[in-house]
Amino acid sequence: MNKHVGTDGTVGKALDLLDIVVGFGRPVRFSELVDESPYPKATVHRFLQTLTNQGMLYYAEDRHTYAPGLRLARLAHHAWQTATLAPLARPFIEALSHEISETVHLAQMEAGLVVFIDKVRPAEGFQTLAQPGRLAPAHCTGVGKAMIAYLDPKHREEVIDAQTFERFTPATLSKETDLRAELDLIAKSGIAYDRQEHEQGITSIAAPIFGAGDKVIGALSIVTSTMRAASEDLDRFSPALLRTAKQIGREASVHPYPVAH
């Protein structure tokens with residue numbers, strides 16, 4: 001995790017700290033938060049007290065750890081229901097996963113990052129890093145590249161500029177020129193790939209989801225292990241993937257879902 005200094009005053013700093021707690025993915029100790037946060041120890045302590053008092057965090061006295069609180073969980077659930085594609089898309093991605101017996105991811109984009117908002121994993125499927133609520137870079141994920149490729153020119157440049165081009169595997173696209181070349185291919189074909197770029201041994205095929213006015217509102221991917229299929233083998237899923245993305249987009253076109261940005 002990167003230390004980021006908020007620019008939105010007290011509220012921004014408190015939300016930064018909340019992001020850090022959630023980012024650990026487990027109960028976290030005060031000392032860990034001080035190490036990870038860009039703020040002084042006294043500031044961290046003050047914000048933690050406020051967030052705990054407000055129910056956004058839960059403090060376990062026996063373990064001396066902080067974790068997301070019930071109020072945060074309630075707000076997150078409400079946001080999931082009203083501000084994401086997840087509830088609307090759920091029947092479609094369940095049907096797709098059942099049809100192809102592979103894991104399906106649903107994602108949207110915020111501030112240049114991929115936000116995974118739902119996942120359907122068949123009984124015989126395998127686990128991936130992507131979980132609902134998890135953030136991921138756009139430059140090395142199939143869903144991320146699928147969305148960037150269809151942004152309007154201004155937003156496309158903003159999202160590309162926001163990428164760190166961090167290398168996660170030997171296959172990660174770590175140069176802007178390489179990403180741009182692949183985005184041009186995606187814009188022509190309508191299909192994006194993750195060729196073990198984010199997780200070693202994991203490959204995917206992805207397609208954008210278009211809402212009202214043909215604006216990109218999300219992306220859908222079929223994910224599998226290289227033990228089950230090579231990247232080129234995923235092309236057989238293209239018809240079902242594109243059909244499902246179109247179905248979701250058609251349903252979403254009457255709702256004011258946020259466009260990718």
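The values are calculated or read from the model by the stated rules, or taken from the named source; none is laboratory data. What you see is a predicted model, and the numbers here were worked out from it, not measured in a lab. With ideal geometry, Cβ positions are generated from the backbone for all residues, glycine too; neighbour counts draw on all protein chains shown.
When region 22-76 is filtered for residues that are of a type in the set (Lys, Arg) and surrounded by 12 or more Cβ atoms within 10 Å (Cβ to Cβ), the ones remaining, listed by number, are 29, 41, 46, 71. Number of residues in region 206-261 that are closer than 17 Å to residue 142 by Cβ, surrounded by fewer than 24 Cβ atoms within 10 Å (Cβ to Cβ) and modelled with pLDDT under 90 equals 8. Would you be able to say whether some residue in region 142-152 is in the same structural domain as residue 188 (by TED's automatic domain parsing), assigned to a strand (DSSP E or B), at pLDDT 90 or above and crowded, with 16+ Cβ neighbours inside 10 Å? Checked region 142-152: no residue is in the same structural domain as residue 188 (by TED's automatic domain parsing), assigned to a strand (DSSP E or B), at pLDDT 90 or above and crowded, with 16+ Cβ neighbours inside 10 Å.
For region 83-124, residues that are free of Cβ contacts under 8 Å to residues at least 40 places away in the same chain and either part of a helix (DSSP H, G or I) or farther than 14 Å from residue 141 by Cβ (or both) total 13.
Counting only residues that are modelled with pLDDT under 75 and farther than 14 Å from residue 222 by Cα, region 104-128 holds 2 of them. Considering every residue within region 175-191, establish whether at least one is touching a residue at least 40 places away in the same chain (Cβ under 8 Å), in contact with a Lys or Arg (Cβ under 8 Å, 6 or more places away or on another chain) and under 27 Å from residue 88 (Cβ atoms). There is at least one residue in region 175-191 that is touching a residue at least 40 places away in the same chain (Cβ under 8 Å), in contact with a Lys or Arg (Cβ under 8 Å, 6 or more places away or on another chain) and under 27 Å from residue 88 (Cβ atoms).
Among the candidates 70, 51, 75, 57, the residue that is of a type in the set (A, V, I, L, M, F, W, C) and free of Cβ contacts under 8 Å to residues at least 12 places away in the same chain is uniquely 75.
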